[in-house]
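Notes follow the structure.
The values are calculated or read from the model by the stated rules, or taken from the named source; none is laboratory data. Nothing here was measured: the structure is a model prediction, and the numbers come from that model. Using ideal geometry, Cβ is built from the backbone for each residue, glycine included, and neighbour counts are taken over all protein chains shown. Just the protein is used for accessible areas: all its heavy atoms, side chains included, with ligands, DNA and RNA removed. Shrake-Rupley method; radii C 1.70, N 1.55, O 1.52, S 1.80 Å.
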Amino acid sequence: MSIFYFIAFLSILFAVLVISAKNPVHSILYLVLTFFTFTIQYILLNAQFVAIVNFIVYMGAILVLFLYTLMLINLNKNSEPMKTNLVKIAAVLGGGCLLVVVVAALKATGASDPVLFKDPNLGLVKNLGKVLFDEFLLPFEISSLLLLSAMVGAVLLATKDTKTA
Amino acid sequence: MESLSNKRKVLESKPLNLWERIYLPAVVKGLSITLKHFLFKKDVTVRYPEQKREFSENFRGMHSLKRDEEGRERCTACGLCALSCPAEAITMIAAERKPGEENLYREEKYAAVYEINMLRCIFCGLCEEACPKEAIYLDGDIVPADYLRKDFIYGKDKLVEAPLNQ
Amino acid sequence: METGELIVRLVLIVVIFLISLVIAMYSTYAERKIAAFFQDRVGPNRAGPAGILQPLADGAKMFLKEEIIPTNSSKFLFIVGPSLAIMTACIGSAVIPWGQQIQIGSKLYDLQVTDINVGLLYIFGVVSLGVYGIMIGGWASNNKYSLLGAIRAASQNISYEIAMGLSIIALLMVTNTLSLKEIAAQQHGWHWNILRQPFGFILFIVCAFAETNRTPFDLPECETELVGGYHTEYSSMKLGFYLFAEYINMFVSGAVMATLYWGSYNYPGMDWVAGHTGPVIAPLIGTVVLFAKIFLFIFFFMWVRWTIPRFRYDQLMDLGWKGLIPLAIANIIGTGLWITFFK
Ligand code: SF4
Ligand code: SF4
């Protein structure tokens, strides 16, 4: 349990650093560390597959792409968009609303019972696969459709229009 | 446009066919060629300091100051070599031959100090051509490497030929 | 885990770590020698007999050279880059089974640091992490060539990771497990996976070349265009780390390919050998066989390097996205059909 608290503390610390870091590249790197702590949490839960997929997909691919684009954009201090007062007020309002919702939700549910696994090996590949392709087949397939449509959309955006070009 | 020499060849570059486009056959062919070199071809390296390639006849290496048939230094410190040197590599200090030194120096005037800066020298051989006394020839070896700049200034100790009967 | 096993593991970790370092060291030597032989030269032959001490001399040189950190670099990340590169290169070998179980006393011990049941994915994760070392180093140098090298490395790695993953999926359909230990054990004798997945292997090895940034895919450090690529600004041992990481990566990917496709420690006639030599020697012979396979792969890496010229960047991307990925998907479908109809 103490490991959990330590790692959780690290996650939050790095997450705070993500938004407080001045340099966007640094903040991405903190985000990488945050995701790394998530991976450790998954391992603690004995969810090896999710852990490693989180590792590969989020840390290894998505954040690399983030970093990639950030490096290409020239983010100097003076090119940072002007923050007008209106934007600031809107941000405060938005953040406040979120806080209210979160607090309300916490109050409504109260402290949840610790989650107990029926099967501690649920996170291993075999079991996970069985559950995914059995009980949760429909949501699984639907999410794959979602990804497919996103992919087709990306291809469409990227292809040149043969008529105009 | 019509080419004047009529030597121009028009090369057709056809699009690659499927066999060429899968690359792998070409890759395998290339690999087999390099493997042949790896296995069968002998190396052509000359292992330099131990083994030397023969120099050509007109190779210009390190200078040597010659002696005549009686073993006397031929150089008379006329300075023509220094004058002709495009790299200004040669300096010398002349001295008068004392009585009793006739067996050492052929002319009445000789070079007491004769230095060539081998870092400046471009081994053009103009000094050799300029010399009226046939005193300097670039018939030596390659000038060896060294660590300090001062060690590249060759004095008479290194340049003058060894005395005759020794 | 009781003490005996713990000790064996610790010893194994240290030994594997040392072995990868030594192999990386001597890969640099082998690379130069092999390059020389391919080009009808002799290669390094001064330090020790036949130049055998050359890596030590190189190492000493690297350590003693002046360390230069560019003024406008971000210093911390500049140091993190090479450290990360070499760390990710080293931890990849943790899940590779180096041999069969070996009998010491009356107990059987695994010749594997750890057998996690998603071992294959673990290797993937480590490989995908490897690009961070390059990216961070390239960005932190604050040099346009480094940055371009880093960006090339990133996009290249991501693109080829996909094709690599897809080619592995086909392998998984055949093996039914993600654990490298089981995959190795399945290929007993001559039942090597290369016989079942020859096409997948070709895809995999092409991707492995790209992932290790070796020629013909070494565009991140393409010196004709990018000076030194991502390590332009690096000097001394930090440069050494980057170069070292490349060789360790080569070693690990050789080990992965040997394990996944070329039968790991298995060889035809191993049962006969095991019957004649007993439970201590036989696994060791298997380990030797595995290492022989790895060395062959390393040789192959070098062989290709000194044969094939570099791709152009758009050709690289074309090959990855329009060539390898569709082929890998076709391979998955083909494997699926084969499994449904012939098994
Ligand atoms: S060889 Fe040429 S450069 Fe060298 S000393 Fe003679 S004249 Fe000067
Ligand atoms: S070497 Fe010849 S040219 Fe030079 S000073 Fe002596 S005599 Fe004159």
Considering only the stretch C:3-20, I want to know if a residue exists there that is polar (S, T, N, Q), under 30 Å from C:K144 (Cα atoms) and touching a residue at least 60 places away in the same chain (Cβ under 8 Å). no
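Results for (1) part of a loop (DSSP other than H, G, I, E, B); (2) away from chain C (no Cβ under 14 Å), shown as yes or no for each residue.
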| residue | (1), (2) |
| --- | --- |
| B:K14 | yes, yes |
| B:V27 | no, no |
| B:I33 | no, no |
| B:T45 | yes, no |
| B:E50 | yes, no |
| B:N58 | yes, yes |
| B:M62 | yes, yes |
Are there any pairs with C-beta distances below 7 angstrom linking a residue in the stretch B:127-145 that is in contact (Cβ under 8 Å) with a residue 24 or more places away in the chain to a residue that is among the acidic types (D, E), with the two at least 6 apart or on different chains, and if so which? B:I136/B:E128; B:Y137/B:E128; B:L138/B:E128
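Kindly check whether there is at least one residue in the stretch C:16-35 that is open to solvent by 80 Å² or more (accessible area, probe 1.4 Å), assigned to a helix (DSSP H, G or I) and more than 14 Å from chain B (Cβ to nearest Cβ). Break it down stepwise before answering.
Just the residues of the stretch C:16-35 that are open to solvent by 80 Å² or more (accessible area, probe 1.4 Å), to begin with: C:17-18, C:32.
With assigned to a helix (DSSP H, G or I) added as a condition, the list becomes C:17-18, C:32.
Remaining after also requiring more than 14 Å from chain B (Cβ to nearest Cβ): C:17-18.
Yes: the stretch C:16-35 contains one or more residues that are open to solvent by 80 Å² or more (accessible area, probe 1.4 Å), assigned to a helix (DSSP H, G or I) and more than 14 Å from chain B (Cβ to nearest Cβ).
Yes/no matrix, rows are residues, columns are (1) outside any loop (DSSP other than H, G, I, E, B); (2) among the acidic types (D, E); (3) surrounded by fewer than 22 Cβ atoms within 10 Å (Cβ to Cβ):
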| site | (1), (2), (3) |
| --- | --- |
| C:V80 | yes, no, yes |
| C:L108 | yes, no, yes |
| C:L111 | no, no, no |
| C:I134 | yes, no, no |
Of the conditions (1) surrounded by 15 or more Cβ atoms within 10 Å (Cβ to Cβ); (2) within 14 Å of ligand 1 (Cβ to nearest atom); (3) farther than 17 Å from B:P132 by Cα, the single one that B:R97 does not satisfy is (2)
Look at A:L33 and say whether it is open to solvent by 40 Å² or more (accessible area, probe 1.4 Å), within 19 Å of C:L129 (Cβ to Cβ) and modelled with pLDDT of 85 or more. yes
May I ask you to list the residues in the stretch C:311-343 that are of a type in the set (V, I, T) and either in contact (Cβ under 8 Å) with a residue 24 or more places away in the chain or farther than 25 Å from A:M151 by Cβ (or both)? C:I325, C:I329, C:I332, C:T335, C:I339, C:T340
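Might you let me know whether the stretch C:193-211 holds any residue that is open to solvent by less than 40 Å² (accessible area, probe 1.4 Å) and part of a loop (DSSP other than H, G, I, E, B)?
Yes, there is a match, as at least one residue in the stretch C:193-211 is open to solvent by less than 40 Å² (accessible area, probe 1.4 Å) and part of a loop (DSSP other than H, G, I, E, B).
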Go through the stretch B:111-135 and count every residue that is open to solvent by 60 Å² or more (accessible area, probe 1.4 Å) and of a type in the set (S, T, Y). 0
Within the stretch A:43-72, tally of residues that are part of a helix (DSSP H, G or I) and either away from chain C (no Cβ under 11 Å) or modelled with pLDDT of 85 or more (or both): 1
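Taking the options C:G119, C:G130, C:G165, C:G138, name whichever one is at the interface with another protein chain (Cβ under 10 Å from one of its Cβ atoms), touching a Lys or Arg at 6+ places or on another chain (Cβ under 8 Å) and touching a residue at least 40 places away in the same chain (Cβ under 8 Å). Give the derivation first.
Working: C:G130 fails: touching a Lys or Arg at 6+ places or on another chain (Cβ under 8 Å); C:G165 fails: touching a Lys or Arg at 6+ places or on another chain (Cβ under 8 Å); C:G138 fails: touching a Lys or Arg at 6+ places or on another chain (Cβ under 8 Å).
The unique qualifying residue is C:G119.
With the structure loaded, tell me whether C:F63 is aromatic (F, W, Y), touching an Asp or Glu at 6+ places or on another chain (Cβ under 9 Å) and modelled with pLDDT of 80 or more or whether it fails that test.
On the way: aromatic (F, W, Y): yes; touching an Asp or Glu at 6+ places or on another chain (Cβ under 9 Å): no; modelled with pLDDT of 80 or more: yes.
No; evaluated as a whole, the condition is false for this residue.
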Name the pairs: first residue in the stretch C:290-310 and closer than 20 Å to C:Y261 by Cα, second residue of a type in the set (K, R), Cβ to Cβ under 6 Å, at least 6 apart or on different chains? C:F301/C:R214
Considering only residues that are open to solvent by less than 70 Å² (accessible area, probe 1.4 Å) and out of contact with any Ser or Thr (no Cβ under 9 Å at 6 or more places or on another chain), look in the stretch B:100-110 and name the one that is nearest to B:L65 (Cα to Cα). B:E101
Count of residues meeting criterion [surrounded by 15 or more Cβ atoms within 10 Å (Cβ to Cβ) and at pLDDT 85 or above] in the stretch C:320-333: 7
Output yes when any residue across the stretch B:110-132 is more than 15 Å from ligand 1 (Cβ to nearest atom), away from chain C (no Cβ under 14 Å) and of a type in the set (G, A, S), and no when none is. yes
Quick test for you: out of B:E134, B:E70, pick the one residue that is of a type in the set (D, E) and either away from ligand 2 (no atom under 16 Å from the Cβ) or at pLDDT 90 or above (or both). B:E70
Against the condition among the polar types (S, T, N, Q), within 15 Å of ligand 2 (Cβ to nearest atom) and open to solvent by less than 70 Å² (accessible area, probe 1.4 Å), how does B:T91 come out, does it pass? no
Would you check if there is a residue in the stretch B:151-159 being more than 14 Å from chain C (Cβ to nearest Cβ), hydroxyl-bearing (S, T, Y), within 11 Å of ligand 1 (Cβ to nearest atom) and open to solvent by less than 50 Å² (accessible area, probe 1.4 Å)? yes
For the stretch B:78-88: of the residues being assigned to a loop (DSSP other than H, G, I, E, B), within 13 Å of ligand 2 (Cβ to nearest atom) and within 24 Å of the chain's Cα centre (by Cα), which is surrounded by the most Cβ atoms within 10 Å (Cβ to Cβ)? B:C85
